[in-house]
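The values are calculated or read from the model by the stated rules, or taken from the named source; none is laboratory data. Small disclaimer: the values here were computed from a predicted structure and weren't measured. Ideal geometry is used to build each Cβ from the backbone, glycine not excepted, and the neighbour counts take in all protein chains shown. With ligands, DNA and RNA removed, areas are computed over all heavy atoms of the protein, side chains included. Shrake-Rupley method; radii C 1.70, N 1.55, O 1.52, S 1.80 Å.
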Amino acid sequence: MALSMQLVTSSTIDYNNNGFLFDCTSGSFTITLPDASVGNGINYQMKRIDNSANTVTLQGYTSSQKIDNTVTRLVRFSDAFLLVSYGSNWYRM
């Protein structure tokens, strides 16, 4: 299956894609993930491609949905990971 990619430069993500390249050169932004409890195994490839001082933050659909047991997760320069839903939470692989 081919990876469907999106270049992300703001908090808007098209979850019909399954790969995201984050570029926050123009400013910081926060991404709200979809509801993890919809189904186990939903997964997204993610990578930050800029080296600016701005930040990209991931947060769960609700405050009770965690990413590796934290409410929010910063995506640092050159971070690359697979994000997978399991139960009502997200995990970086």
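Summary table below
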quantity: Amide N proximity, region 61-81 versus Asn43 label position 7 Å along Cα-to-Cβ, cut-off under 19 Å; calculated: 67-69, 79-81
quantity: Antiparallel bridge percentage (DSSP; both residues within the chain; nearest 5); calculated: 50 percent
quantity: Solvent-accessible area of Asp23 with every protein chain in place, 1.4 Å probe, in Å² to the nearest 10; calculated: 40 Å²
quantity: Solvent accessible area, Å² - Asp50, 1.4 Å probe, full protein context; calculated: 10 Å²
quantity: Cβ-based net charge around Val56, under 15 Å, with every Lys or Arg adding one and every Asp or Glu removing one; calculated: +2
quantity: Probe 1.4 Å - accessible area at Phe20, Å² to nearest ten; calculated: 0 Å²
quantity: Where N is the number of residues in region 6-52, Cα Rg divided by 2.2 N^0.38 Å; calculated: 1.21
quantity: Sum of side-chain charges, Val84 neighbourhood, beta-carbon under 15 Å (Lys, Arg +1; Asp, Glu -1); calculated: +1
quantity: Where labels lie 7 Å past Cα in the beta-carbon direction, separation of Phe81 and Thr62 in nm; calculated: 2.3 nm
quantity: Distant alpha-carbon pairs in the chain (separation over 22 angstrom), percent; calculated: 20 percent
